Amino acid sequence: MGWKGILGFEYGIVQPPLGPDISGPHLVAAVANSGALGFLRSPDWESPDYLRELIKKTRTLTNKPFGVGVVLAFPHEENLKVILDEKVAVLQVYWGDCTKELVIRAHSAGVKVVPQVGSFEGAKQAIDAGVDGIIVQGREAGGHVIGQDGLISLVPRVVDLVGDRDIPVIAAGGIVDARGYVAALALGARGICLGTRFVATDESYAHPTYKRKLVEMAETDYTNVFGRARWPGAPHRVLQTPFYKDWRSLPAHENEANQPVIGHSTINGVEKEIRRFAGTVPNVTTTGDLESMALYAGQGVGLIKEIISAGEVVKRLVEEAQLIIQKDLN
């Protein structure tokens with residue numbers, strides 16, 4: 001059945017790379033120890049030594065396989081060398097071309113490749129490149145959103161495109177609980193990818209205020225207000241905080257570059273100033289006006305009622321999905 005594993009993992013459940021450093025070693029190891037696929041997030045600048053230490057730290061916390069995600073829009077060549085040298089189980093790539101050359105290079109190191117795409121065309125390119133799986137992101141997703149299509153229409157098209165090839169389709173966008181899991185399976189997906197749900201876990205490196213807001217709030221919006229200078233042309237979905245509602249109509253020529261500093265954070269070992277409208281989510285180290293920062297969340301956030309362990313997230317997804325299939329759908 002569909003809840004069985006993908007890509008050599010026990011379950012078809014994926015915790016994506018949560019930027020900039022929210023999916024750290026403790027979260028990824030907890031996910032891996034639960035039989036699911038967790039991804040570290042490679043820094044958005046070249047930091048090969050730091051990334052190697054992240055991988056090694058994760059390996060002290062689990063003997064299970066895990067992956068690393070790379071945003072191809074940022075400098076990544078040195079980081080990529082470390083990922084392949086360390087032979088992590090899976091390389092996830094996003095926001096750039098997943099080329100045949102990249103896939104061949106990863107495969108020669110024994111590393112599987114799973115891009116995240118947001119369109120039918122993106123899925124076609126990924127299949128042609130020879131990837132091992134495809135994360136299909138719907139517009140419902142939190143964080144940076146690469147496509148315009150909703151999950152319920154896009155997933156079946158990609159599933160049909162994949163056909164009988166052994167390339168699991170993994171659905172991402174607004175999925176929080178077992179009902180979303182079973183719905184994704186009905187669409188033909190073999191796995192699910194849940195970002196917001198894993199941010200709201202004990203082990204995530206998100207600031208407690210950010211986690212609390214994910215429990216308290218239910219409304220999100222698709223916008224481009226945050227991080228325009230650092231990552232142009234990268235729309236995103238955020239919580240509709242009072243700050244966001246005040247600034248949602250920010251003029252197109254405005255960005256974070258000339259804005260006041262509203263906080264400070266240590267991100268992947270580097271001290272950073274956080275300016276108003278920067279796309280930086282608050283991690284555990286962040287100080288300042290946290291509620292005026294970007295708080296990414298998918299449309300399923302209203303279904304999150306408590307902060308629980310990552311292992312409990314996986315356990316509930318699997319057990320409750322099995323129950324729905326056996327009882328409600330039989």
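The values are calculated or read from the model by the stated rules, or taken from the named source; none is laboratory data. Owing to the predicted nature of the structure, the values given are computational and were not obtained by experimental measurement. Don't worry about glycine lacking a Cβ; one is built from the backbone with ideal geometry, like all the others, and counts go over all protein chains shown. We work out accessible area using only protein heavy atoms, side chains counted, and drop any ligands, DNA or RNA first. Shrake-Rupley method; radii C 1.70, N 1.55, O 1.52, S 1.80 Å.
Compared with the direct C-alpha span, the chain from K327 to R105 gains 75.4 nm at full extension, assuming 0.36 nm per residue.
Of the labelled options (1) 15.2; (2) 18.3; (3) 16.2, which one gives mean projected area of the Cα convex hull in nm² as computed for this structure? Identified label for the calculated read-out: (1). Per-residue Karplus couplings for region 142-159, computed as 6.51 cos²θ - 1.76 cosθ + 1.60 with θ equal to phi - 60°, are listed in order as x, x, 6, 10, 8, x, 10, 7, x, 4, 5, 9, 7, 4, x, 5, 5, 4 Hz, Gly and Pro entered as x. Of all beta bridges that DSSP places with both ends in the chain, some 40 percent have antiparallel geometry. Listed by chain and number, the lysines placed with their C-alpha closer than 16 angstrom to that of K87 are K56, K57, K64, K112; residues fewer than eight positions away on the same chain are left out. The reciprocal of the average 1/r between distinct C-alpha atoms defines the Kirkwood hydrodynamic radius, which for region 8-152 equals 15.1 Å. Length gained on full extension, A229 to A73, computed as 0.36 nm times the residue gap minus the Cα-Cα distance: 54.8 nm. A convex hull fitted around the alpha carbon atoms of region 208-301 yields 96 Å³ per residue.
Choose one of Y244, T280, P260: the residue whose Cα lies farthest towards the positive end of the charge dipole of region 208-301 (beta-carbon charges +1 Lys, Arg; -1 Asp, Glu; about the Cα centre). Of the options given, the answer is T280. Per residue, the average separation of C-alpha pairs within less than 8 Å and at least 6 apart gives the chain a relative contact order of 17 percent. Model label points for R165 and I146, set 7 angstrom from Cα along the Cα-to-Cβ axis, are 1.5 nm apart. Near G143, the amide H atoms lying under 5 Å from its own belong to R237, A297; only residues 5 or more places off or on other chains count, and H is placed 1.01 Å from N.
Ordered by solvent-accessible area of protein heavy atoms (1.4 Å probe), largest first, the residues W231, W95 come out as W95, W231. Entry note, the chain: the mean residue ellipticity at 222 nm calculated from DSSP H runs of n ≥ 4, each adding -39500 (n - 2.57), is -9000 deg cm²/dmol after division by the residues and rounding to the nearest 500.
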